[in-house]
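Read through the structure below, which is laid out as structure tokens, and then see the notes.
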Amino acid sequence: MNLFTDIHTLVIDSLTTLVAEGVLPEGLDFANVAVEPPRDAAHGDMATNAAMVLAKPAKMKPRDIATALAAKLSDDARVIGAEVAGPGFLNLRLDNSVWQDVLGQALAAGAKFGRSDVGAGKRVNVEYVSANPTGPLHVGHTRGAVFGDALASLLDFVGYDVTREYYINDGGAQVDVLARSCYLRYLEAHGQTVEFPDGTYPADYLKPVGEALKEKYGDQFVDQPEEAWLAEFRLFGIEAMMDLIREDLALLNIEMDHFFSEKSLYGTGKIEDALKRLDGKGLIYRGVLEPPKGKKPDDWEPREQTLFKSTDHGDDVDRAVQKSDGAWTYFAPDIAYHNDKVERGFDALINIFGADHGGYVKRMKAAVSALSDGEVPLDIKLCQLVKLFKNGEEFKMSKRAGTFVTLRDVVDAVGADVTRFMLLTRKNDQGFDFDLDKALEQSKDNPVFYVQYANARIHSTLRKATEQGIAVDVDTLSAADLTLLSDEAQISVARKVAEWPRQVEIAARTNEPHRVAFFLYDLASELHGLYHLGKSSENLRFVNESSQSATHANLALARAVSVVISAGLGILGVKPAEEMR
RNA sequence: GCACCCAUAGCUCAGCUGGAUAGAGCGCUGCCCUCCGAAGGCAGAGGCCUCAGGUUCGAAUCCUGAUGGGUGCGCCA
């Protein structure tokens with residue numbers, strides 16, 4: 001299915017034969033032998049570095065190895081040229097039929113084209129968003145939400161068994177603050193004038209919660225002390241906020257498989273169990289932490305508390321799991337939560353954090369490493385900050401000034417598809433300036449539009465063909481004589497299509513969905529280019545009046561491109577457009 | 001003070017885990033609609049990949065150290 005792995009296999013087989021024949025010495029390690037598309041198409045279709053990698057261990061000249069390998073590879077029908085170049089590269093030229101075959105495969109596989117089993121059904125847990133249940137999602141959360149979701153889809157595409165998970169921080173002091181803020185709105189709903197002291201949330205989105213509380217409880221808590229209503233209001237508030245958050249996620253078509261409650265870890269022995277597990281490995285001890293350097297802690301005094309020896313697993317300092325008064329730190333339930341993930345049997349864990357949580361990476365990795373004895377890898381992807389721009393000016397976020405830019409604001413402004421694509425057209429660890437005006441522009445400057453346009457063009461062409469009485473269904477196109485696609489421009493597009501399975505694999509291996517977005521842009525560019533060549537040469541026109549068989553072949557090519565664009569956009573969570581409006 | 005991330009064209013960014021002459025969009029200079037959507041295409045100019053060392057056949061990519069920017073850093077959440 002993946003042409004590159006096929007050729008890689010061919011190269012390795014040929015090398016093995018050369019060893020058997022005594023041309024190459026025994027015991028060579030072929031692990032570093034790579035087969036890649038050369039950067040410059042003039043160098044051929046594929047290139048291998050085998051000769052250079054093996055030259056030293058084999059104690060031979062690279063060019064001698066390359067020459068021997070070239071002779072072997074030329075025996076394969078697919079290889080029509082093998083040239084030694086530069087320091088010892090071996091450039092392979094493949095028969096056009098190779099690319100034409102791939103198009104046939106793409107049409108036959110449809111939406112499945114590019115899927116693979118490299119994930120081997122391994123269970124991966126992708127935790128993302130995990131915003132505190134104290135309000136709607138804002139721009140900062142949006143990037144992590146989109147990134148995590150696309151990554152999950154990507155991993156699913158290459159054969160992992162993926163669980164999308166959200167950790168609800170409903171156990172700490174911030175939900176008490178929420179409860180108090182809800183109470184103030186509740187009083188307000190009863191006609192009182194309220195003020196929001198420091199340490200409460202004055203936000204408008206709690207007004208309806210206040211109303212709902214009034215609806216539910218009437219005035220029974222109006223003059224009551226905090227103990228009377230805190231627990232109830234907290235529960236109610238969290239539920240309301242999670243509803244809000246779920247709605248926000250739905251705006252971006254994100255649906256979680258599992259919501260995990262921090263609260264469920266308390267009073268159930270889960271935290272104790274997790275720490276016992278660490279203790280059993282000798283990683284829990286009583287001790288005193290060094291004061292933090294740099295900042296001048298005015299109220300610092302050394303106190304003995306329970307610590308996790310995270311330095312044994314790569315952290316810079318050991319971390320407290322229990323405060324000196326015996327209460328759990330924030331880290332303790334986090335350990336328990338990840339212990340739970342390990343116990344649920346996941347083969348790999350991925351967490352998506354905002355840049356502001358960069359400081360927790362080491363300790364979380366240390367915890368998972370310790371809990372799973374290094375068996376379960378935890379990859380943490382940090383999403384850097386998003387700055388919003390409109391009319392060339394930056395939108396500053398400030399809760400106090402009330403300029404709180406929500407996820408909903410962004411989606412309202414540019415739509416879910418644009419939001420998703422734009423945020424994914426960037427490496428996660430790169431900061432992002434999101435220009436809302438540009439995102440709405442319908443031009444080449446806007447990658448979403450450009451890719452969508454390519455797909456719409458294909459469908460427009462297919463519609464046009466249908467109007468002319470030409471059959472464009474998949475069966476007809478699959479039966480087309482693809483050998484007619486022999487022009488370099490057509491083969492070039494086919495090459496790009498053939499690259500898709502490889503690109504998804506790379507993207508999945510590196511946990512980098514942005515690679516998919518960039519690939520789609522390139523593919524769209526190929527398509528636009530070929531389309532315009534049709535203006536000058538008739539046989540490159542998708543609909544060719546003088547030859548029905550050429551038309552079918554061209555439309556097969558176009559449809560194969562569409563198949564890949566649809567699949568790629570599917571991974572990114574963007575709906576492929578069949579026409580532009 | 002410490003940790004993590006980033007530094008590539010005037011601007012915004014890619015660069016397939018070490019490969020050949022470092023790519024794309026915008027902007028700039030030109031060209032291309034009697035034609036399946038010009039909402040596009042083609043071409044040109046533009047680079048000491050921040051700097052200095054190191055590793056090797058080979059470095060934008062890996063290591064060390066600077067410099068500049070970002071994000072964090074107690075028993076907070």
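The values are calculated or read from the model by the stated rules, or taken from the named source; none is laboratory data. These numbers come from a predicted model, not from an experiment. Here the Cβ positions follow ideal geometry from the backbone for every residue, glycine too, while neighbour counts run over all protein chains shown. All accessible areas refer to the heavy atoms of the entire protein, side chains included, with ligands and DNA or RNA removed. Shrake-Rupley method; radii C 1.70, N 1.55, O 1.52, S 1.80 Å.
A few remarks follow.
- Peptides ranked, highest mean first, by Cβ atoms within 10 Å: ranges A:555-561, A:421-427, A:282-288: A:555-561, A:421-427, A:282-288
- Residues whose amide H lies under 5 Å from that of residue A:161, counting only those 5 or more places away or on a different chain, are A:121, A:122, A:123, A:124; hydrogens are built 1.01 Å from N in the peptide plane.
- Under the criterion of Cα pairs below 8 Å and six or more residues apart, the relative contact order for chain A equals 16 percent.
- Sequence-separation-based contact order of region A:510-581, relative, with Cα cut under 8 Å and 6+ spacing, percent: 27 percent
- Cα centre as origin, Lys/Arg/Asp/Glu Cβ charges: region A:447-572 dipole, Debye: 300 debye
- Peptides A:90-97, A:191-198 ordered by average Cβ neighbours within 10 Å, highest first: A:90-97, A:191-198
- The phi-based Karplus calculation (6.51 cos²θ - 1.76 cosθ + 1.60; θ = phi - 60°) puts the 3J(HN,Hα) values of region A:345-355 at x, 6, 7, 8, 10, 10, 10, 9, 10, x, 4 Hz, whole numbers, x for Gly and Pro.
- Taking amide H as placed 1.01 Å from N in the peptide plane, the amide H of residue A:388 sits under 5 Å from that of A:395, A:434, each at least 5 places away or on another chain.
- Whole-number percent relative contact order across region A:174-235, with pairs defined as alpha carbons under 8 Å at least 6 apart: 44 percent
- Only helices enter the 222 nm calculation for chain A: every DSSP H run of n ≥ 4 contributes -39,500 (n - 2.57), and dividing by all residues gives -15500 deg cm²/dmol, rounded to 500.
- Carbon/sulfur fraction of accessible area - chain A, other protein chains in place, 1.4 Å, %: 48 percent
- Highest mean packing first, where packing is the average number of other Cβ atoms within 10 Å per residue, the peptides A:43-53, A:211-221 line up as A:43-53, A:211-221.
- In sequence order, region A:325-342 has phi-based couplings of 8, x, 6, 6, 7, 4, 5, 4, x, 4, 4, 4, 4, 6, 5, 4, 4, 4 Hz under the Karplus curve 6.51 cos²θ - 1.76 cosθ + 1.60, θ = phi - 60°, and Gly or Pro positions carry x.
- Point-charge dipole on Cβ atoms (K/R +1, D/E -1) for chain A, about Cα centre, debye to 20: 920 debye
- Within the full protein context, the accessible area of residue A:433 is estimated at about 90 Å² for a probe radius of 1.4 Å.
- Of all DSSP beta bridges in chain A, antiparallel share, percent nearest 5: 50 percent
- Solvent-accessible area per residue, Å², over region A:174-235 with all protein chains present [probe radius 1.4 Å]: 56 Å²
- With the convex hull of its Cα atoms as the shape, chain A has an orientation-averaged projected area of 34.7 nm².
- Sequence-ordered 3J(HN,Hα) estimates for region A:120-126 from the Karplus curve with 6.51, -1.76 and 1.60 and θ = phi - 60° stand at 6, x, 5, 8, 10, 9, 10 Hz, glycine and proline given as x.
- Inter-part distance, region A:209-267 to region A:428-478, computed on C-alpha centroids, equals 42 Å.
- Calculated FRET efficiency for the pair residue A:510/residue A:535, C-beta based, R₀ 41 Å, to 0.05: 0.55
- To the nearest 10, the accessible area of residue A:350 is 10 Å² with a 1.4 Å probe.
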